[in-house]
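The values are calculated or read from the model by the stated rules, or taken from the named source; none is laboratory data. The shown structure was predicted, so the numbers you read here are calculated from the model rather than taken from an experiment. Backbone-built Cβ (ideal geometry, glycine too); neighbour counts: all protein chains shown.
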Amino acid sequence: MDKFFQSYFQNEGSTSGMPDLPSGLTGKVMNSVCFNDNYPVIERSLEMHAKAKKLIPGATQTLAKGTTQHSFGVSPVFLDRGKGAIVWDIDGNEYLDYTMGVGPVVLGYCYEPVDYAISQQLTRGISFSLTHPLEVQVASLLHDIIPNAEMVRFSKTGADVTSAAVRLARAYTGRNVILCCGYHGWHDWYIATTDRTLGVPDFNKELTYTFAYNDTESLLSAIDGSVAAVIMEPATFSAPRDNFLHKVREICHQNGSLLIFDEMWTGFRLALGGAQEYFGVKADLACFSKAIANGMPLSALTGCADVMKLLEQDVFFYTTFGGETLSLAAAVATIEELRDNNIPSVLDTLGRKLKTGINKLIADIGLPYILCSGFPCRTMLNIDSNIADANILKTYIQQELIKRGILWNGFHTLSASHTQEDIQYTLEAYDDIFTQLHALVKRNELHELLRGEVIQPAFRKTTHFNSKPRR
Ligand SMILES: Cc1ncc(COP(=O)(O)O)c(C=O)c1O
């Protein structure tokens, strides 16, 4: 093995389970989840990043995990392992994680019932030459818990199933235009609506348009007889107002368009059956991934049988790893845990305490440009960019949370492994940071205290972008 990696991957001799620290670091104190005196030492992260940059464009496979979203120079770049809601970086520092794998780890890292199911399946084989019974078992579980899941197909990523849903809707309606609201993955049909379209043929911009959440007018002005489907995240950080989702469904059906819910974040979190169960509204097709298998790569397309049956005809959606069994075994264990322990309500209770606590601190300390918003299971800190420099503020908060052993990229994505004590500790950390922030903003000194690079928005422009010209 390359000498560089030997120190990272050969753990023999390390009592902590972590690779031995390079001699230069021996004796340095590693940070943990507490009010540490200093920012964590992240030398190994920085060293690995220098190597990664030469080999991996962007040095990451997932934008949300990369250095544009984590203040480079102060935030760890590489994680090594996790247990429950705690993760350790490759320098040995410990953090309470509020990103949870960018959504998948809904139960917690190394969650025993799920890992046991994976290890049991591993002894029997991973990918097979014929269809495996687990495909039927997971389809049957989803059929039981998801309101529109008359039929189910599997794939690996969220973008796989949102793109499959779009293709199905086009086939079913014989139309081409898609209206969307939210983020739906990296494929051409969606990315054409953003400002990162290099390499995406221009014709896609004529086929996908956006509309605004909670704004029926923006949907009504865009929808017409050319629209195959409306695809949307049923909820992100705002609640639907005035029966918005029911109205969207009605507008779609009056127009002969299908309604597709992108339930990557709402699925298995908001309620076991996702947003359809939580809001009592059915979509024609719904797309799931993220939390479905506690971190194993699996996605699911569910929907009404009359639409889904087109997949038996000329709508082509097949992939080698769609029936890979470790992920399916993980999905059975994950869904059973979520169901049997009513985890969505556990997340709701924890999240309410966190959200209410943060907003009380914001009010008491007097930071009118910050608001914690969203559904309790996944909230975010909104920073009003009309009043404050949102990226600088966010970078400062992130930096100070890291010092206190909390890994955060703007969101609080909860898992079954977060505890009441974790929430209490997080509120104490926010109290400390917000108090400092208040004074620093007043004195206009925030920028000087940043120790790393300012984090960047994922897309420079996301609202009212590529909306359909009014007829
Ligand atoms: C709402 C939503 N839809 C689709 C996707 C795409 O999923 P994936 O990255 O697994 O392709 C994401 C990813 O974060 C997402 O948040």
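Taking (1) buried (at least 24 other Cβ atoms within 10 Å of the Cβ); (2) closer than 17 Å to VAL138 by Cα; (3) aliphatic (A, V, I, L, M) in turn, ALA229 satisfies each apart from (2). Selection of the stretch 113-162 for residues being assigned to a helix (DSSP H, G or I), of a type outside the set (A, V, I, L, M, F, W, C) and within 16 Å of the ligand (Cβ to nearest atom) yields GLY158, ASP160, THR162. On inspection, ASP202 qualifies as surrounded by fewer than 17 Cβ atoms within 10 Å (Cβ to Cβ) and more than 16 Å from the ligand (Cβ to nearest atom). Restricting the search to strands (runs of 3 or more DSSP E) fully inside the stretch 235-313 and requiring at least 3 residues that are farther than 16 Å from THR162 by Cβ, outside the structural domain of ASN148 (by TED's automatic domain parsing) and of a type in the set (Phe, Trp, Tyr) gives an empty result. Of all residues in the stretch 241-272, exactly one satisfies the criterion of being in contact with a Phe, Trp or Tyr (Cβ under 6 Å, 6 or more places away or on another chain) and either more than 16 Å from the ligand (Cβ to nearest atom) or on the phi > 0 side of the Ramachandran plot (or both), namely ALA271.
Summed over the stretch 193-207, residues that are touching a helix residue (DSSP H, G or I) at 6+ places or on another chain (Cβ under 8 Å), not in a helix (DSSP H, G or I) and not aliphatic (A, V, I, L, M) total 3. Residue count for the stretch 163-192, restricted to those that are within 11 Å of ILE260 (Cα to Cα) and in a strand (DSSP E or B): 4.
Look at LYS282 and say whether it is out of contact with any Asp or Glu (no Cβ under 8 Å at 6 or more places or on another chain) and within 12 Å of the ligand (Cβ to nearest atom). For LYS282, the condition - out of contact with any Asp or Glu (no Cβ under 8 Å at 6 or more places or on another chain) and within 12 Å of the ligand (Cβ to nearest atom) - is not met. GLY92 - would you say it is more than 16 Å from the ligand (Cβ to nearest atom), surrounded by fewer than 20 Cβ atoms within 10 Å (Cβ to Cβ) and of a type outside the set (A, V, I, L, M, F, W, C)? The answer is no for GLY92. Hey, can you tell me all the residues within the stretch 394-418 that are closer than 26 Å to ALA235 by Cβ, assigned to a helix (DSSP H, G or I) and touching a helix residue (DSSP H, G or I) at 6+ places or on another chain (Cβ under 7 Å)? Of everything in the stretch 394-418, those that are closer than 26 Å to ALA235 by Cβ, assigned to a helix (DSSP H, G or I) and touching a helix residue (DSSP H, G or I) at 6+ places or on another chain (Cβ under 7 Å) turn out to be ILE397, LEU401. Out of curiosity, is ARG170 at pLDDT 95 or above, on the phi < 0 side of the Ramachandran plot and either within 16 Å of the ligand (Cβ to nearest atom) or aliphatic (A, V, I, L, M) (or both)? No: the conditions fail for ARG170. Residues in the stretch 285-301: is at least one surrounded by 19 or more Cβ atoms within 10 Å (Cβ to Cβ), away from the ligand (no atom under 15 Å from the Cβ) and at pLDDT 95 or above? No, because not a single residue in the stretch 285-301 is surrounded by 19 or more Cβ atoms within 10 Å (Cβ to Cβ), away from the ligand (no atom under 15 Å from the Cβ) and at pLDDT 95 or above.
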